[in-house]
Each structure stands twice: as structure tokens, then as C-alpha cells.
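Trainee: My structure is below; once you've seen it, I'll send some questions.
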Amino acid sequence: MSQESMTSTNTGLASIALQRNGIIEIRFIPEYEIQVEDIVEIQNGILSLSSSPAKILVVPGKSGSISKEARDKDMFENHPAPEMLSVAIVSTLLHHRILGSMYFKYVNKKYYRHRFFKNETEARTWLLNQ
């Protein structure tokens with residue numbers, strides 16, 4: 001974890017930490033493929049740290065993919081107050097940020113605030129200002 005965390009948990013693909021500033025950080029392992037059961041495991045991990053998380057930082061690994069079935073299942077679909085949720089996704093690769101933004105805008109529209117960032121500092125700043 002890059003920031004001081006109050007409590008954390010691990011899944012098969014990611015470490016999840018509740019930071020002192022209220023941000024939940026999901027940091028994926030370097031190489032992974034997300035399946036539906038991984039999403040459920042991450043959802044349970046998030047809820048074990050906070051019953052109503054509002055600010056989530058997602059830091060993908062270097063090489064990750066997601067199955068078709070998992071793409072159809074939103075990681076935050078069971079959030080108790082989606083209008084209060086903000087999700088910042090960090091990617092150092094420009095084409096990932098562009099494709100991700102287009103996917104969320106045109107293919108799989110999200111009901112919560114979300115943005116892609118090139119670094120964690122910008123992502124954290126945006127989350128803290130939400």
C-alpha cells in the first residue's frame with residue numbers, strides 16, 4: 001500500500017485497504033485475469049472494510065485482463081448509494097485510459113462518477129475533492 005492504511009484484506013487477485021483518508025485502495029497483482037468469482041470476492045473484501053465506501057482507487061497490475069462474463073458484471077453494482085460513489089482508475093498507458101473511458105461512456109455506462117488517471121497522485125487528489 002502506498003498510503004497509510006487503517007485495515008486491509010487480500011483476495012486471490014488484489015489487496016484491498018481502507019486508508020486513513022477514507023479512500024479504499026484496490027491494488028491488483030502484476031498478472032491476472034478477472035473472472036466473475038473474483039469480482040464477488042473483491043466486492044466482499046470491500047464490504048468487509050466499509051459498509052458504504054464512497055471513494056475507491058483502482059490500481060491495475062502490469063498485465064491484466066477480464067473475461068467476457070466478468071465484464072458484464074459491475075464490480076460496484078451492489079453499492080448501497082451509487083450516486084455517492086467515485087472511482088479513480090490509474091493507468092500509465094494512454095491507450096488504456098482512452099479505451100477505458102470510451103468503454104465506460106458508450107458500451108457499459110456507469111451510474112457512478114469515474115475517471116482514469118495517469119498517476120496515483122492525480123487520482124487521490126480527485127477522489128479527495130469529490
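Trainee: Going out from 0 in 5 Å bins, what whole percent of all Cα-Cα distances in the chain drops into each bin?
Mentor: Spelled out per bin, shortest first, that is 2, 10, 21, 27, 25, 13, 3, 0.
Trainee: Could I ask something else about it? Name the shape class, rounded, prolate or oblate, that the alpha-carbon gyration tensor gives for the range 59-130, where a ≥ b ≥ c are the square roots of its eigenvalues, rounded holds for a/c under 1.5, and otherwise prolate holds if a/b is larger than b/c and oblate otherwise.
Mentor: In terms of gyration-tensor shape, oblate.
Trainee: While we're on this one: With the chain treated as a Gaussian network of Cα nodes joined by springs under 10 Å, which of Ser86, Ser67, Ser50 yields the largest mean-square fluctuation?
Mentor: Of Ser86, Ser67, Ser50, the Gaussian network model singles out Ser67 as fluctuating most.
Trainee: Spin-label point model (7 Å from Cα, Cβ direction): what's the Glu33 to Arg71 distance in nm?
Mentor: So the two model labels end up 1.4 nm from each other.
Trainee: Related question: Return the loop-located GluC sites (Glu not before Pro) in the range 1-97 (DSSP other than H, G, I, E, B) with at most 12 other Cβ atoms within 10 Å of their own Cβ; answer none if there are none. If you can, show how the numbers build up before the last one.
Mentor: Working: sites: Glu4, Glu25, Glu31, Glu33, Glu37, Glu41, Glu69, Glu77, Glu83; in loops: Glu4, Glu77.
Loop-located and lightly packed - Glu4, Glu77.
Trainee: Here's a follow-up. Residues with beta-carbon under 11 Å from that of Ser67, excluding Ser67: net charge, scoring Lys, Arg +1 and Asp, Glu -1? Before the final figure, lay out each step's value.
Mentor: On the way: positive: Lys68, Arg71, Lys73; negative: Glu33, Glu37, Asp38, Glu69, Asp72.
Neighbour charge sum, excluding Ser67 itself: -2.
Trainee: Once Lys and Arg get +1 and Asp and Glu get -1 on their Cβ, which of Ile16, Ser86, Leu47 lies farthest toward the positive end of the dipole of the range 5-128?
Mentor: Highest projection toward the positive end goes to Ser86.
Trainee: Give, rounded to the nearest 20 debye, the magnitude of the charge dipole that the chain has about its Cα centre when Lys and Arg contribute +1 at Cβ and Asp and Glu contribute -1 at Cβ.
Mentor: Charge dipole, the chain, about its Cα centre: 540 debye, nearest 20.
Trainee: Give me the percent of DSSP beta bridges within the chain that run antiparallel, rounded to the nearest 5.
Mentor: Given both bridge residues lie in the chain, the antiparallel proportion sits at roughly 35 percent.
Trainee: What does the charge count around Glu120 come to, taking other residues whose C-beta lies under 11 Å from its C-beta (Lys +1, Arg +1, Asp -1, Glu -1)?
Mentor: Net of charged neighbours comes to +1.
Trainee: Here is a follow-up. Normalising by the residue count of the chain, find the relative contact order in percent from Cα pairs under 8 Å and 6+ residues apart. List each step's numbers first, then the result.
Mentor: Numbers: 230 pairs, mean separation 27.8, N = 130.
Computed over the chain, the figure is 21 percent.
Trainee: A follow-up question, please. Would you list which lysines come within 17 Å of Lys105, measuring only between C-alpha atoms, while excluding same-chain residues fewer than 8 positions from it?
Mentor: Lys73
Rule-based calculations on the coordinates, nothing more; no lab input. Being a predicted model, the structure only gives us computed values, none of them experimental. So basically every Cβ, Gly included, is an ideal-geometry build from the backbone, and we count neighbours across all protein chains shown.
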